[in-house]
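One structure is given below, encoded as structure tokens.
Quick note: the coordinates plus some simple rules give every number you see, no bench work behind them. Keep in mind that this is a model prediction, so the values were computed, not measured. For neighbour counting, all protein chains shown are included, and Cβ atoms are generated from backbone atoms with ideal geometry for every residue, glycine included.
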Amino acid sequence: MNKTLFKTIFCILLFSSSISVQAQWPQWRGEDRNGHCQETNLLKSWSEAGPKLVWAIDSLGDGFSSTIAVNKTLYTMGKIDSIEILSALDFNGKALWQTIVGRAKKGNSWPQSRCTPTFDNNKIYTITVNGDVACVDAKTGKINWQTSYVDFGSIGFDLENFGITESPLIVDDKLILSPSGNKTTVIALDKVTGNTIWQSESLGDSTSFTSPVLISAKGKKAVFASSYKHDFLVDCQNGKILWEETHNSCMVPQVIDNKIYLTGGYHHYGKMLQWNDIYKEPELVWTDSIKANELGGSILYKDMLIVSGNSKGVFCLDSKTGKTLSSINSMNSCNFMVADGLLYCYESKGNRVGLLKANGNDLETVGSFRTSAGKGPTIAHLSIANGLLLVRRGTVLMAYDIKKS
């Protein structure tokens with residue numbers, strides 16, 4: 001090989017190794033619903049002022065919905081007056097289209113949109129606070145089909161004050177939803193037509209604040225979901241409830257292989273459960289000593305489970321034993337995501353975003369800033385797309401540049 005050709009190949013390899021991976025973020029908490037983003041070449045620390053705000057848009061309606069990113073397009077939901085809308089934006093914050101997907105909640109008590117839309121095969125799936133379900137063409141915004149939780153006898157948890165809080169799950173050809181009520185608890189719809197494939201039995205319960213997640217043991221798939229009083233597993237093929245128990249107040253279940261970590265609520269400790277492919281009684285792997293998780297849930301980071309303990313701070317647990325390894329009180333009441341080896345936190349009560357890194361069993365803060373726009377609670381989960389950190393607060397979506405130069 002001559003020297004000129006060798007240098008050319010070397011330069012190409014060097015250049016390609018520096019290009020960031022731009023990962024898809026097709027649903028709530030990312031591709032696997034675990035909060036892990038595969039994007040790379042991101043800043044390892046922030047200045048005191050935080051990363052640069054590239055753009056902010058204030059025409060999406062009010063909501064706690066986070067943002068998904070697929071095929072160079074962003075999607076999110078919001079409430080405007082008496083309707084909920086689905087918005088599509090490009091990466092520069094320019095609106096591409098907006099579509100009405102259902103009725104908004106009336107009254108002043110938590111009226112905002114909650115659903116993070118789900119993308120699958122050029123379709124977007126949404127649920128409103130009132131339980132209106134829509135399948136929307138991702139390119140045009142045209143509605144393909146609609147249905148409602150009311151059709152399945154749903155009993156929304158204190159609908160007048162709270163409403164439906166769920167992001168839909170796609171499993172193979174099925175759209176998995178958990179309307180809960182006297183007729184059924186979980187349903188599977190054909191994702192193309194909206195026709196019912198199966199309905200589970202009813203647990204005689206109302207809805208909760210948890211979105212369903214997929215678990216797999218030896219290749220056999222099941223869906224974990226929660227109603228107001230129960231946690232349960234449902235067979236993906238036929239809707240049979242395989243296991244259920246009075247629940248652990250699990251807002252954000254964390255799946256790790258064939259195990260699920262359930263955060264404790266105000267009155268419960270968290271616990272790790274493990275199933276075999278029979279999906280009957282699970283093995284209790286461990287319990288932790290964290291009590292008071294409210295919204296943010298947990299995330300797996302560097303073999304540690306990072307848990308939001310509300311005003312108690314953020315806890316680092318050994319994922320194998322549940323033992324508390326360390327804690328910090330500089331961030332409180334957070335939701336989490338992991339990208340490029342770092343931990344991102346968004347406080348629900350302080351409109352502050354934090355960047356942390358692991359230092360052994362401890363967490364070290366390497367950047368933080370307060371959002372510069374929007375108002376109201378800050379409980380929408382974070383997203384990253386094309387080197388942009390997407391932060392939602394109320395009616396405003398903000399994009400911060402976190403790419404390395």
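Among the aspartates and glutamates, which have Cα under 18 Å from the Cα of residue 320 when same-chain residues fewer than 8 positions away are ignored?
Straight-line reach from residue 320, under 18 Å: 257, 283, 288, 303, 362.
From a point 7 Å beyond the Cα of residue 59 in the direction of its Cβ, which residues of segment 94-116 have a backbone N at a distance under 20 Å?
Label zone hits: 94-102, 113.
Under a crude label model (7 Å from the Cα following the beta-carbon direction), how far is residue 106 from residue 137 in nanometres?
3.4
Hey, which aspartates and glutamates would be in cross-link range of residue 404, C-alpha to C-alpha under 18 Å, not counting anything within fewer than 8 residues on its own chain?
Candidates past the 8-residue exclusion: 39, 48, 340.
Farthest toward the dipole's positive end in the chain, which of 59, 34, 313, given Cβ charges of +1 (Lys, Arg) and -1 (Asp, Glu) about the Cα centre?
It is 59, whose Cα lies furthest towards the positive end.
So what is the calculated 222 nm ellipticity per residue for the chain, using -39500 (n - 2.57) for each DSSP H run with n of 4 or more, over all residues, to the nearest 500 deg cm²/dmol?
-1000 deg cm²/dmol
Along Cα→Cβ, 7 Å out, is where each label goes; now give me the distance between the ones at residue 318 and residue 283 in nm to one decimal.
Computed distance between label sites residue 318 and residue 283 equals 1.7 nm.
Gain in length, residue 47 to residue 221, computed as 0.36 nm per residue apart minus the alpha-carbon separation, to one decimal in nm?
Gain in length upon complete extension: 58.2 nm.
How many lysine pairs in segment 18-172, separated by 8 or more positions in sequence or lying on different chains, have Cα atoms less than 12 Å apart?
Total qualifying Lys-Lys pairs in segment 18-172 comes to 6.
What does the extension gain come out to for residue 192 and residue 246, with contour length at 0.36 nm per residue minus their alpha carbon separation?
Stretched out fully, the residue 192 to residue 246 stretch lengthens by 16.1 nm.
Answer rounded, prolate or oblate for the chain, using the Cα gyration tensor with square roots of eigenvalues a ≥ b ≥ c: rounded when a/c is under 1.5, else prolate when a/b is larger than b/c, else oblate.
Taking the square roots of the gyration eigenvalues as a ≥ b ≥ c, the chain is rounded.
Rounded, prolate or oblate: which fits segment 74-222 when a ≥ b ≥ c are the square roots of the eigenvalues of the alpha-carbon gyration tensor, with rounded for a/c under 1.5 and prolate only if a/b beats b/c?
Taking the square roots of the gyration eigenvalues as a ≥ b ≥ c, segment 74-222 is oblate.
Among 119, 100, 178, whose Cα sits farthest toward the positive end of the charge dipole of segment 100-211 (+1 at Cβ of Lys/Arg, -1 at Cβ of Asp/Glu, about the Cα centre)?
Looking along the dipole axis, the top candidate is 100.
By how many nm would the segment from residue 72 to residue 373 lengthen if fully extended, with 0.36 nm per residue of separation less the alpha-carbon distance?
106.0 nm
I need the shape label for segment 50-144. Rule: rounded when a/c is under 1.5, else prolate if a/b > b/c, else oblate, with a, b, c from the alpha carbon gyration tensor.
Oblate is the answer for segment 50-144, as a/c is 1.5 or above yet b/c matches or exceeds a/b.
So, by mean Cβ neighbours within 10 angstrom, what's the order for 164-175, 60-71, 197-208 with the highest one leading?
60-71, 164-175, 197-208
Can you give the charge dipole size of segment 109-258 about its Cα centre, rounded to the nearest 20 debye, using +1 on the beta carbon of Lys and Arg and -1 on the beta carbon of Asp and Glu?
Using Cβ point charges on Lys, Arg, Asp and Glu, segment 109-258 gives about 380 debye.
Straight-line reach from residue 218: which lysines have a Cα under 18 Å away, not including same-chain ones fewer than 8 places off?
259, 280
Report relative contact order for the chain in percent, whole number only (criteria: Cα-Cα under 8 Å, sequence separation at least 6).
15
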